[in-house]
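The values are calculated or read from the model by the stated rules, or taken from the named source; none is laboratory data. Bear in mind that the values here come from a model prediction, so they are computed numbers and not experimental data. Neighbour counts are summed over all protein chains in view; Cβ atoms, including those assigned to glycine, are modelled from backbone coordinates with ideal geometry. Just so you know, the surface numbers come from the protein's heavy atoms only, side chains and all, with ligands and any DNA or RNA stripped out. Shrake-Rupley method; radii C 1.70, N 1.55, O 1.52, S 1.80 Å.
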Amino acid sequence: MDFEFSETQRAIRELAREILAAEATPQRVKQAERSPAWRDAELWQSAAEANLLGIAIPEAQGGMGMGFAELCVLLEEVGRATAPGPWHASLVQGALPLAHFGSDAQQKHWLPKLASGEASASAALDEASSPPAAARGGQKAEGRAQVPPARARAQGTGFVIEGSKQRIPFADSADVLLLSATLEDEAAVFLLDPRADGVELSGGASTTGEPLFELTLHEVALDPGARLPCKGVELLAWLRPRAQAALCAMQTGAADRAIEITADYTRTRQQFGAPIGSFQAVQHRQADAFIDREALRWTTWRAVSRLAAALPAGREVQVARYWAVAAGSRIANACVHLHGGMGADVDYPIHRYFLWSKSLELQLGGEGATLAELGRELAQHGLSEESW
């Protein structure tokens with residue numbers, strides 16, 4: 001089995017790394033983090049001009065016409081650079097399902113704009129794609145407001161939607177949202193303008209500063225062409241493992257670069273007349289981080305490769321998720337710890353990798369929840385790959 005990247009994938013990695021190294025400088029990243037949009041518009045346009053935003057968009061719609069593996073190559077480089085922007089929201093949650101499930105008219109209207117950087121997308125699919133309460137332990141969260149789900153009904157030739165959605169990244173700056181809603185007792189997915197009449201956004205942020213919003217829908221009218229021509233459950237089942245594997249790729253990139261920065265620091269930081277990298281305790285900590293990174297990398301790319309080949313990948317994605325949350329957290333903690341006081345200096349880059357790691361960990365479900373989900377799947381289905 002060949003575990004090497006193809007020549008095309010290596011070229012994408014080199015191109016992405018070159019652009020990100022030139023534009024995602026510490027000063028530019030800091031400015032983007034402090035902006036309300038949480039993105040570097042110049043970097044986003046440079047990526048569009050290199051057609052990196054269109055990696056997984058068909059050539060007929062202005063993209064490169066490549067696949068999920070090539071998209072994850074780009075996202076790993078984004079993780080290495082900790083470059084703010086709607087990379088996952090627009091390229092994975094938005095463009096990817098639209099290219100796979102959208103109607104011809106929807107694709108012709110939106111995909112060229114997403115590839116060129118003229119528009120960006122996001123998704124409001126959280127409650128419909130999350131495990132039911134019974135699968136999470138069957139208990140409601142005490143003290144939390146219960147958010148009414150989004151529901152749609154037919155009205156004339158179109159639809160009307162009401163209800164709420166949570167944790168929607170970049171909802172205020174996105175030009176289109178993929179939104180799931182219950183229609184006649186089954187899930188359906190619609191394209192929604194977040195600035196349409198009846199749409200209310202209330203904002204928040206993740207640990208990195210990435211904007212997250214709650215969406216409240218007050219009798220929002222949609223035309224008949226807003227509904228995607230597929231069953232909502234099929235789209236959600238297809239997208240969920242790809243969205244998770246893409247986050248694992250970003251975690252891999254962030255962990256890889258954090259280890260590099262830490263290795264450089266421990267080679268030059270002197271204590272007691274010697275580089276701290278020469279101390280056995282430091283070497284052991286770095287060796288553990290290296291092993292964790294290799295496990296994270298191989299499990300992630302095994303999952304990505306199977307998804308890219310349209311092979312069953314349920315088990316592989318679950319395992320990659322576990323390593324992304326567990327190993328990613330250990331690596332981030334070790335790298336900050338080995339920097340000592342410098343790890344808390346917000347003018348030094350290592351703190352950013354810690355924050356990204358924690359944010360990605362939470363998006364993937366956290367270590368305990370991820371391991372419990374994997375355990376339930378093994379208990380229910382055993383070790384047979386055909387059952388996943």
Exercise. Determine the gain in length on full extension of the stretch Gln283-Leu371; use 0.36 nm per residue of separation and subtract their C-alpha separation, reporting nm with one decimal.
Key: 28.8 nm
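Please state the charge dipole magnitude for segment 243-388, taken about the Cα centre, from unit charges on C-beta atoms (+1 on K and R, -1 on D and E), reported in debye and rounded to the nearest 20. Walk me through the numbers before you get to the answer.
Details: 14 positive and 15 negative charges, 33 e Å.
Using Cβ point charges on Lys, Arg, Asp and Glu, segment 243-388 gives about 160 debye.
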Self-check item: Accessible area in square angstrom per residue, segment 249-387, 1.4 angstrom probe
Solution: 47
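Rolling a 1.4 angstrom probe over the protein heavy atoms, how many square angstrom per residue are accessible across segment 1-124? Each step should come with its number before you reach the end.
On the way: 5130 Å² over 124 residues.
Computed with neighbouring chains in place, this is 41 Å² per residue.
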Quiz prompt | Positive-end residue of Cys248, Ala289, Ala95, charge dipole of the chain with Cβ unit charges | solution = Ala289
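So between Arg195 and Phe5, what do we pick up on full extension, going 0.36 nm a residue minus the alpha carbon distance?
Numbers: separation 190, 0.36 × 190 = 68.40 nm, distance 4.13 nm.
Once the chain is fully extended between Arg195 and Phe5, it gains 64.3 nm.
Tell me, what % of the accessible area of segment 218-371 is carbon and sulfur with a 1.4 angstrom probe? List each step's numbers first, then the result.
Details: 4070 of 6740 Å².
Answer for segment 218-371 is 60 percent, counting heavy atoms of protein chains only.
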Quiz item: Which whole-number percent gives the relative contact order of segment 1-96, counting Cα pairs below 8 Å spaced six or more residues apart?
Solution: 30
Quiz item: Carbon and sulfur atoms: what percent of the 1.4 Å accessible area of segment 54-131 do they account for?
Solution: 49
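List the chymotrypsin sites (Phe, Trp or Tyr not before Pro) in segment 239-316 that DSSP assigns to loop (not H, G, I, E or B) and whose Cβ has at most 12 other Cβ atoms within 10 Å. Which are they? Write down the numbers at each step before the final one.
On the way: sites: Tyr265, Phe272, Phe279, Phe290, Trp298, Trp301; in loops: Phe272, Phe279.
Filter output for segment 239-316: Phe272.
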Quiz item: How far apart, in nm, are two points set 7 Å out from the Cα along the Cα-to-Cβ line at Gln380 and at Ala263?
Solution: 4.1
Practice problem: Give me the distance between the Cα centres of segment 158-234 and segment 264-331, rounded to whole Å. | Solution: 36
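Under a Cβ-only charge scheme (Lys and Arg +1, Asp and Glu -1), can you give me the dipole magnitude of the chain about the Cα centre, in debye to the nearest 20?
On the way: 36 positive and 48 negative charges, 166 e Å.
Dipole of the chain, to the nearest 20 debye: 800 debye.
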Quiz prompt | FRET efficiency, 1/(1 + (r/R0)^6) with R0 56 Å, evaluated for Asp347 and Ser103 via beta carbons | solution = 0.70
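Ignoring everything except DSSP H segments at least 4 long, calculate the 222 nm mean residue ellipticity for the chain; use -39,500 (n - 2.57) per segment, divide by total residues, nearest 500.
Details: 12 runs with 193 residues, N = 388.
Only helices count here, giving -16500 deg cm²/dmol.
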Practice problem: At 7 Å along the Cα-to-beta-carbon direction for both Ala310 and Ala21, put a label point, then send me their distance in nm to one decimal. | Solution: 3.7
Self-check item: Rounded to whole Hz, the Karplus (6.51, -1.76, 1.60) HN-Hα couplings of segment 167-175, x for glycine and proline
Solution: 6, 9, x, 6, 5, 6, 9, 6, 8
